[in-house]
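One structure follows; several queries about it will come next.
The values are calculated or read from the model by the stated rules, or taken from the named source; none is laboratory data. Since the model is a prediction, treat every value here as computed from it, not as a measurement. No Cβ is skipped: glycine too gets one built from the backbone with ideal geometry, and neighbour counts run over all protein chains shown. What goes into the accessible areas is simple: the full protein's heavy atoms, side chains included, and nothing from ligands, DNA or RNA. Shrake-Rupley method; radii C 1.70, N 1.55, O 1.52, S 1.80 Å.
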Amino acid sequence: MTDFLLELRSEEIPARMQAGARAELEKLFRAQLSVAGLEAGDLTIWSTPRRLALIARDLPEATAAVSEELKGPRSSAPPQALEGFLRKTGLTQDQLEDRDGVWFAVIDKPGRATAEVLAEAIPAIIRGFSWPKSMRWGKDSASSESLRWVRPLSGIVAIFGEELVPCEVSGISAGFATRGHRFHCPGEITIGSASDYAEKLRACHVIVDHEERQAIIREGAAKAAADAGLSLVEDEGLVIENAGLTEWPVPLLGRFDEAFLEVPPEVIQLTARVNQKYFVVNGADGKLANGFVCTANIDAKDGGAEIVAGNRKVLAARLSDARFFWEQDQKKALAQHAEKLANITFHEKLGTVADKVERVAKLAEWLASEGIVPNCDPALARQAAELAKADLVTEMVGEFPELQGLMGGYYARAEGLPDAVADAIRDHYKPVGQGDDVPTAPVTVAVALADKLDTLFGFFREDMFPTGSKDPFALRRAGISSLRLILQNGLKLSTDAAATQWLGQSDPTARLSEKEIADRKILTTIPDFLTERLAVQLRETGVSADVVQASREWNSRDDTRLDRTETRARDLQAFLATEDGTNLLAGYKRAANILKQAGEVSGNGAATPPTDADAALLAALDTAEPAASAAVAEERFTDAMAALASLRAPIDAFFDGVMVNDPDEAVRAYRLGLLARFTGAVHGVADFSKIEG
């Protein structure tokens, strides 16, 4: 068994593309070997800014000989069929086997040298490589047949054992030679085999293992900060990016002018991270300090002093720009900035951002004034909503869109606005993702929920729904975020009421225009959409989708409260997991089927219960129905389920002890009436017809 080394050397590969390139190299290599009948076992794949490397261990010297059997036409088939089969297999008729009137071709394929397979595979891998962006270069670049690569490909090393695998791609021939560090060791290095590849490069200041470089940066940056009495602000994404930018990483600590600390810390961190790929540090007090850690790509003779000095100057220029934006933005009040929102289109069918702000402000004020968001001042909710998007037109957010909301909160606080307003402006986009914190401050909750509901109402009114994997307006995220705000804050929000308020159709007796009637479709589509999102979330906690559907307010369009649906679904799932719940569901299904088959019942029922089983079920219903109804009205769904559980034994005894379709018409009508009361009592708690099983 023999090891194989492949190195593809090029100009700088962007750091963000290196992880994908490693995965692509592995996929293509395995596919090429699989076609040849080889299985690539243990693969090691590395990347640096200037190379991709693959080591395949324990490959056989040759592929195994194989015998392939192909079934052909019947021996009685027309000659044309046989001729076609012979052309396909490349055999003559005397080489075929006749088995019970059917021609078979047995093709023996001898094994091939693995080196020969690899020589064919390497060009196919290189030409088949998929990059997010690629280029052509050189004199042949005008041809569409010329090689495309992320950056100009400059060298190929392909060694099987200690032997060269001869191959050529676009004028570049495989060889034993590679190059070390661009500055420390720019000359050629001769590689003998896969076993000495990494160590020979290390001797030439190239650490080819990207994970090792990441560890050096992670640990070295933390040590550089600690040595200065500081603590590194951890950033794993920045660790990976710096490892993709260097072949010999050397973390170095630098300082910047303390005067820049008057700029919000998030601005400093983003400036250092995005523009310069620097880590930032905290002082002993846990606050951002005037320090940074950069990652050099050389082992400088002066310990990195000149490198740090140069990086300090560059960072100072960037921070000067940030401070200028910070100061310029504060020369206007947020309300003045907000005036420019009328010049920004939110969506061609939904108006400008200023239009959206006005809709959100009205909805936030309504959520507060109706007490749906408890302890929320309606005036503060409106004020915060009116200013929530103002920072979109500031210089700082124009430079760093990631800071929207956050900068608005800083500017509001600097302006002297109430803390509740500043906090709401800062946090109204939350929760952004599944792991994001859910706001709990009343004004923030009102503005955040109004903002997301406005997005849902607006796009759904215009029939722009998410479909399949396509969700260009992030409506699923808006739906999930709305649910989290509602449920984690215990809000008793009717989506019907919110949608009606948003539509401006608060008077139910008013005569509506055709357009207003058409707009009211959101009263159905929004609850359906949010219930689907709720079912997805609850599924992770063991609540099935059919139970969620059974827990909706199916019999009342004026109560579409998702908090009720969630609580009822959780309690119903727990109830169905019990023996009483399982048997009651079976009894309900049986009763519903009997009623469905019976259709309309003619005649009057018996005046008194015909048997003890009838009487027992009647008595149980007389007790359970009002108890369950009262519990549902007070949202005590666990008690409602307990009331239903009391019907389990009487309904079982009823089915065991009586014949529902009694020959006596009056008795039959009486018993069908009992079953109708039973299913009605169950339906008063949840729609059991939606439950599978």
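Just for segment 520-536: of the residues that are of a type in the set (S, T, N, Q) and buried (at least 16 other Cβ atoms within 10 Å of the Cβ), which one is farthest from K690 (Cα to Cα)?
The extreme case among them is T525.
Taking the stated definitions as given, is V685 over 14 Å from P609 (Cβ atoms), assigned to a loop (DSSP other than H, G, I, E, B) and β-branched (V, I, T)?
Considered against the rule, which asks whether it is over 14 Å from P609 (Cβ atoms), assigned to a loop (DSSP other than H, G, I, E, B) and β-branched (V, I, T), V685 comes out as yes.
Scan segment 374-381 and tell me whether some residue there is within 21 Å of L493 (Cβ to Cβ), out of contact with any Asp or Glu (no Cβ under 9 Å at 6 or more places or on another chain), at pLDDT 95 or above and in a helix (DSSP H, G or I).
Yes, segment 374-381 contains a residue that is within 21 Å of L493 (Cβ to Cβ), out of contact with any Asp or Glu (no Cβ under 9 Å at 6 or more places or on another chain), at pLDDT 95 or above and in a helix (DSSP H, G or I).
For segment 482-519, name all the residues that are among the basic types (K, R) and open to solvent by less than 60 Å² (accessible area, probe 1.4 Å).
R484
Could you figure out which of (1) surrounded by fewer than 17 Cβ atoms within 10 Å (Cβ to Cβ); (2) under 24 Å from W366 (Cβ atoms); (3) not charged (D, E, K, R) isn't true of G479?
Status for G479: all satisfied but (1).
Follow-up. Take V682 and tell me if it is open to solvent by less than 20 Å² (accessible area, probe 1.4 Å) and more than 41 Å from the chain's Cα centre (by Cα).
Criteria not met by V682.
All but one of (1) out of contact with any Lys or Arg (no Cβ under 7 Å at 6 or more places or on another chain); (2) within 30 Å of D563 (Cα to Cα) hold for L618, so report the exception by its number.
(2)
In this structure, is D419 more than 18 Å from A333 (Cβ to Cβ) and either buried (at least 18 other Cβ atoms within 10 Å of the Cβ) or without any contact (Cβ under 8 Å) to a residue 40 or more places away in the chain (or both)?
Considered against the rule, which asks whether it is more than 18 Å from A333 (Cβ to Cβ) and either buried (at least 18 other Cβ atoms within 10 Å of the Cβ) or without any contact (Cβ under 8 Å) to a residue 40 or more places away in the chain (or both), D419 comes out as no.
Would segment 194-214 turn up any residue that is more than 24 Å from E11 (Cβ to Cβ), modelled with pLDDT of 95 or more, among the basic types (K, R) and surrounded by fewer than 20 Cβ atoms within 10 Å (Cβ to Cβ)?
Within segment 194-214 (the criterion being more than 24 Å from E11 (Cβ to Cβ), modelled with pLDDT of 95 or more, among the basic types (K, R) and surrounded by fewer than 20 Cβ atoms within 10 Å (Cβ to Cβ)), the answer is no, since none of the residues qualifies.
Follow-up. Taking the residues in segment 1-39 that are in a loop (DSSP other than H, G, I, E, B) and not hydrophobic (A, V, I, L, M, F, W, C) as candidates, determine which candidate is farthest from E163 (Cα to Cα).
This residue is P14.
Name every residue in segment 399-413 that is out of contact with any His (no Cβ under 9 Å at 6 or more places or on another chain), touching a residue at least 12 places away in the same chain (Cβ under 8 Å) and either among the aromatic types (F, W, Y) or open to solvent by 60 Å² or more (accessible area, probe 1.4 Å) (or both), in order of residue number.
Once the filter is applied, which keeps residues that are out of contact with any His (no Cβ under 9 Å at 6 or more places or on another chain), touching a residue at least 12 places away in the same chain (Cβ under 8 Å) and either among the aromatic types (F, W, Y) or open to solvent by 60 Å² or more (accessible area, probe 1.4 Å) (or both), segment 399-413 yields E399, F400, E402, Q404, Y410.
Could you name every one of the helices (runs of 4 or more DSSP H) located completely within segment 440-525 that has at least 3 residues being under 29 Å from the mean Cα position of the chain (by Cα)?
442-461, 475-488, 495-503
Each row is one residue, and each column tells you yes or no for (1) basic (K, R); (2) within 13 Å of I125 (Cβ to Cβ); (3) in contact (Cβ under 8 Å) with a residue 40 or more places away in the chain.
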site: R9; (1), (2), (3): yes, no, yes
site: E26; (1), (2), (3): no, yes, no
site: I45; (1), (2), (3): no, yes, no
site: R51; (1), (2), (3): yes, no, yes
site: L54; (1), (2), (3): no, yes, yes
site: A64; (1), (2), (3): no, no, yes
site: E68; (1), (2), (3): no, no, yes
site: R74; (1), (2), (3): yes, no, no
